[in-house]
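Heads up: the structure comes next, in structure tokens.
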Amino acid sequence: MSKGVQIAIGALIIAGLVMWLGASQSGEARFTYFQTLGEFQQNGTVGEPVRVHGFVALGTIERDVAAKRVTFAVQEHAPHAGGAAGHALRVEYASLETPDLFKDGAEVVVEGKLTPAGTFHATNLLAKCPSKFEAMAKEQGTRI
Amino acid sequence: MSDLGFYAQWLALFVAAATAIAGAAAGITRSDDWASVARRGVYALFGLVTAALLCLFYAFATLDFQLEFVAQNAARSMALHYRIAALWGGQAGSLLLWTWMTVAYAAAAITVQRRERALVPWVCSVLAVNAAFFLILLNFASNPFDKLPPQHVMSDGNGLNPLLQHPVMMIHPLVLYTGLTGFSVPFAFALAALLSGQLGTTWMRVTRRWTLWAWCFLSIGILLGGRWAYEVLGWGGYWAWDPVENASFMPWLAGTAYLHSVMVQEKRDMLKIWNFVLIGLTYGLCLFGTMITRAGLVRSVHAFAQTEIFGVLFAGYVALLAVAFIAALLARVDALRSPNKLESVVSREAGFVINNWLFMAILAVVFFGTLYPKFSTWIQGREVLFGPQWFDGYLVWIALPLLFLTGVGPLLAWRYASPANLRRQLVAPIAAAALVFLALLGWLGVGEWLACLTWGIAALVTTTIAGEFWRATKAKMRGGISAPAALRKLFRTNQQRYGGYVVHLGVVFLFIGFAGQALDTERLENLAPGGSLEIAPYRFEYKTAVALPKQHYGGAEARIALFKHDEPLATLTPEKRMYWLEQQPSSIPAVYSTFGEDVYVILTAIEPNGSATLKVFVNPLVNWIWLGGLTFVFGTVLVMWPHPSHPQRAAA
């Protein structure tokens with residue numbers, strides 16, 4: 001058996017292992033689907049791990065310290081840019097650990113599952129990082 | 001002053017274009033006159049871009065708010081050093097800094113390597129094309145010298161993102177850019193070799209130190225990024241497989257593979273085509289990484305926002321460079337075929353080939369995981385995102401064989417390694433690995449077998465490295481010299497090999513730290529003043545919160561007494577800050593750090609009722625990562641340290 005063939009076999013074994021790993025990775029929490037709130041409300045399914053993008057509706061954040069839970073509503077468009085609060089998604093986040101940028105009107109991504117009752121159970125909550133703020137300043141026309 | 005910068009930046013574009021043409025003319029006609037025009041062009045380019053950069057620094061120092069870029073990134077309330085650092089806190093300024101670094105490298109490389117007369121003209125040309133591209137971006141898409149319309153000029157600016165106002169963040173971009181732009185030198189020499197037909201090992205030999213230099217800075221830059229995430233972002237970790245992190249990790253992977261495979265060409269005259277491919281890939285990934293971060297190509301927590309034209313220009317340039325490089329390589333493929341073939345699968349060169357395969361496999365996984373989300377919408381109709389578990393779950397199985405190879409590879413002889421000899425050398429390391437693995441498994445339980453396996457392999461690699469040093473030092477000591485003198489002589493006569501072992505030891509420490517993640521514990525608790533929570537053997541007692549009366553930010557600092565086995569250990573003071581000007585909150589964690597573990601506390605919130613919500617982590621072995629980083633860098637310095645007695649250097 002030539003050395004080239006031996007190497008090719010080795011490479012094939014490595015490639016095969018890598019593919020097998022990929023196939024065996026479809027379990028929970030390994031990957032999630034990303035959707036905007038509008039897309040999610042159209043074709044989101046109950047119980048599927050998903051990340052949903054939206055904006056925190058004004059005045060909806062409630063911290064329940066005793067129950068270690070934060071609830072809020074997410075709407076599709078930025079409230080400051082005139083986005084309506086209609087069809088907002090009710091989110092229950094089972095933690096008190098909110099990101100620093102999480103506040104009224106913040107752009108957020110909630111990760112979790114939709115419950116049959118129609119509330120969203122979030123296990124993770126991300127808020128937009130402000131190195132985007134060149135664009136934000138331009139969008140909102142603030143100060144500049 | 002800002003006008004001066006504006007015009008210098010414009011003029012630089014024309015000089016870059018002229019230099020590119022002069023360099024190519026010199027390369028084709030072999031005329032010394034053209035060559036000297038090209039060289040002077042590079043120096044002029046360096047002068048002009050330096051002038052532009054200094055003008056922008058001056059604008060930040062004097063707070064020239066007429067400039068849109070200054071107004072967006074600086075504010076009167078910021079200290080001078082952060083105002084200076086604000087230059088690379090935004091897109092346009094960091095792009096100018098990047099351009100300055102590439103032209104500084106170009107000027108330095110053609111000065112130090114001026115004796116390579118056949119290559120230098122093409123090097124000038126390639127690096128001038130590269131600079132011209134960035135100058136096009138600066139002048140047309142993202143100009144730091146753009147002025148605000150007069151009616152919009154205000155007396156104060158937006159200020160730098162407070163998360164970036166941190167000492168590590170001042171230097172992290174500088175270090176990272178020094179690394180990423182540094183790969184332009186070996187890339188330019190490789191392309192020059194292809195264009196000029198000087199296909200020997202010259203291009204590789206003269207750029208060896210340049211490559212190590214760039215690689216060293218890239219490694220430090222990646223580690224500093226992790227350190228910053230750990231100390232500032234306050235989520236308890238240092239690496240999240242964010243696209244921006246991956247963007248700097250991908251060229252590192254390709255560059256590391258390259259550093260290994262060049263040794264095969266030096267010793268055995270093999271893998272010549274592959275080495276060209278690897279250096280092309282490395283620099284391509286440096287550019288590609290900057291592109292995906294800057295052009296907003298991927299969804300990331302901290303990508304720069306950008307206009308569409310920027311992304312189109314960038315993608316066009318990366319594609320153009322890739323096509324040019326591949327075409328040049330294809331034209332020389334026949335001349336590059338090696339007369340030597342792999343003689344045995346159990347040999348040093350085969351070890352390097354497997355090493356390269358594993359690095360490429362990691363690269364493929366990271367590349368796929370970073371970019372697939374972008375294309376998944378077209379393929380699956382929905383956007384798929386990969387979390388850290390996806391990356392970790394995949395990469396463990398490639399990284400562990402690679403770590404194992406770190407231990408075994410150096411024991412393999414070139415051409416053909418005798419199995420009997422190998423077996424004899426591997427007895428002690430494998431025994432050490434088995435001992436560590438089984439002992440830790442007994443202590444921590446079967447559930448942690450993967451972490452235990454990692455530490456076992458770490459023991460194997462450490463033992464082989466120690467064995468290598470021991471055998472070689474003993475051999476040198478036969479001449480009757482002392483052990484330290486023998487060790488010094490070892491580094492002198494075989495700098496690359498023994499310095500390389502120190503780098504490998506750094507890698508071992510890094511893996512020891514990474515595996516510690518398996519034992520991380522975290523708790524979220526709401527505590528009234530006087531209340532406490534326990535993660536054995538630690539107890540955290542929340543005493544009180546005090547206001548933070550600082551100039552730029554307000555907020556609160558929690559005072560937490562830390563006990564271990566009920567003995568008082570330290571007072572931890574995590575902070576929750578609010579930056580007034582930017583209206584941005586920020587959590588600063590408090591860390592009690594030892595070599596065994598880090599106790600890491602985040603003040604999540606002070607609730608309206610006066611209680612504090614705390615998130616507490618006990619992260620074992622994190623300090624091994626920073627220790628590994630230092631060892632790694634020390635090893636790299638040993639490898640590239642110039643020795644006056646070294647014959648190669650003496651000739652140069």
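The values are calculated or read from the model by the stated rules, or taken from the named source; none is laboratory data. None of the values given here were measured: they were computed from a predicted structure. Glycine also receives a Cβ, built like all others from the backbone with ideal geometry; neighbour counts cover every protein chain displayed.
Give B:E541, B:E534 a once-over and let me know the one that is surrounded by fewer than 20 Cβ atoms within 10 Å (Cβ to Cβ) and either touching a residue at least 12 places away in the same chain (Cβ under 8 Å) or β-branched (V, I, T) (or both).
B:E541
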Open item on the list: Conditions first: (1) within 20 Å of B:F634 (Cα to Cα); (2) more than 12 Å from the chain's Cα centre (by Cα); (3) within 14 Å of chain A (Cβ to nearest Cβ). B:G234 passes all but one, so which condition is the exception?
Closed with: (1)
TODO: Kindly indicate whether any position in region B:498-506 is more than 30 Å from B:L444 (Cβ to Cβ) and of a type outside the set (S, T, Y).
DONE: yes
Open item on the list: Would you confirm, using the coordinates I've provided, whether B:L581 is within 14 Å of chain A (Cβ to nearest Cβ) and in contact (Cβ under 8 Å) with a residue 24 or more places away in the chain?
Closed with: yes
Open item on the list: Tell me yes or no: at least one residue of region B:94-117 is in contact with a strand residue (DSSP E or B) (Cβ under 9 Å, 6 or more places away or on another chain) and within 21 Å of B:A17 (Cβ to Cβ).
Closed with: no
Task: Search result, residues across region B:138-150 that are within 11 Å of chain A (Cβ to nearest Cβ) and without any contact (Cβ under 8 Å) to a residue 40 or more places away in the chain - done: B:P149
Open item on the list: Which condition from (1) under 14 Å from the mean Cα position of the chain (by Cα); (2) over 30 Å from B:E522 (Cα atoms); (3) not polar (S, T, N, Q) is the one that B:R208 breaks?
Closed with: (1)
Open item on the list: Can you tell me which condition B:G89 does not meet? The list is (1) under 27 Å from B:V15 (Cβ atoms); (2) within 14 Å of chain A (Cβ to nearest Cβ); (3) within 27 Å of the chain's Cα centre (by Cα), and all the others hold.
Closed with: (1)
Task: Which listed residue is away from chain B (no Cβ under 11 Å) and modelled with pLDDT under 85, from A:G59, A:G83, A:G54 - done: A:G83
TODO: Would you point out which residue out of B:A417, B:A319 is modelled with pLDDT of 85 or more and among the small types (G, A, S)?
DONE: B:A319
Open item on the list: Among the residues in region B:640-649, are any at pLDDT below 95, in a helix (DSSP H, G or I) and either within 14 Å of chain A (Cβ to nearest Cβ) or touching a helix residue (DSSP H, G or I) at 6+ places or on another chain (Cβ under 9 Å) (or both)?
Closed with: yes
Task: Condition met for A:G38 (on the phi > 0 side of the Ramachandran plot and modelled with pLDDT of 80 or more) - done: no
Open item on the list: Residues that are closer than 24 Å to B:T202 by Cα and of a type in the set (V, I, T): does region B:238-253 have at least one?
Closed with: no
TODO: At least 3 residues that are within 13 Å of chain A (Cβ to nearest Cβ) and not hydrophobic (A, V, I, L, M, F, W, C) in each: list the helices (runs of 4 or more DSSP H) lying fully within region B:326-428 that qualify.
DONE: B:348-379, B:388-408
Open item on the list: Show me the helices (runs of 4 or more DSSP H) entirely contained within region B:99-218 in which 1 or more residues are modelled with pLDDT of 95 or more.
Closed with: B:120-136, B:167-182, B:184-196
Open item on the list: So for region B:214-222 (the condition being out of contact with any Gly (no Cβ under 8 Å at 6 or more places or on another chain) and surrounded by fewer than 24 Cβ atoms within 10 Å (Cβ to Cβ)), does at least one residue qualify?
Closed with: yes
Open item on the list: Can you pull out every residue in region B:595-639 that is among the acidic types (D, E) and within 11 Å of chain A (Cβ to nearest Cβ)?
Closed with: B:E607
Open item on the list: It is to be established whether one or more residues within region B:273-291 are closer than 20 Å to B:G506 by Cβ, buried (at least 23 other Cβ atoms within 10 Å of the Cβ) and not basic (K, R).
Closed with: no
TODO: Only one of these is modelled with pLDDT of 90 or more and in contact with a Leu (Cβ under 8 Å, 6 or more places away or on another chain): B:L411, B:L435, B:L402. Name it.
DONE: B:L402
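Residue-by-condition table, conditions (1) more than 35 Å from the chain's Cα centre (by Cα); (2) buried (at least 16 other Cβ atoms within 10 Å of the Cβ):
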residue	(1), (2)
B:E525	yes, yes
B:R559	yes, yes
B:A590	no, yes
B:F595	no, no
B:N619	no, yes
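May I ask you to say which residue of B:S94, B:S77 is surrounded by fewer than 24 Cβ atoms within 10 Å (Cβ to Cβ), part of a helix (DSSP H, G or I) and out of contact with any Gly (no Cβ under 6 Å at 6 or more places or on another chain)?
Result of the check over B:S94, B:S77: B:S94.
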Open item on the list: Quick check on my filter: what residues within region B:577-602 are part of a strand (DSSP E or B), at pLDDT 90 or above and out of contact with any Lys or Arg (no Cβ under 6 Å at 6 or more places or on another chain)?
Closed with: B:A590, B:V591, B:Y592, B:S593, B:E597, B:D598, B:V599, B:Y600, B:V601
Task: Residue ID - nearest to A:H53 (Cα to Cα), chosen from residues in region B:361-392 that are out of contact with any strand residue (DSSP E or B) (no Cβ under 8 Å at 6 or more places or on another chain) and crowded, with 19+ Cβ neighbours inside 10 Å - done: B:T370
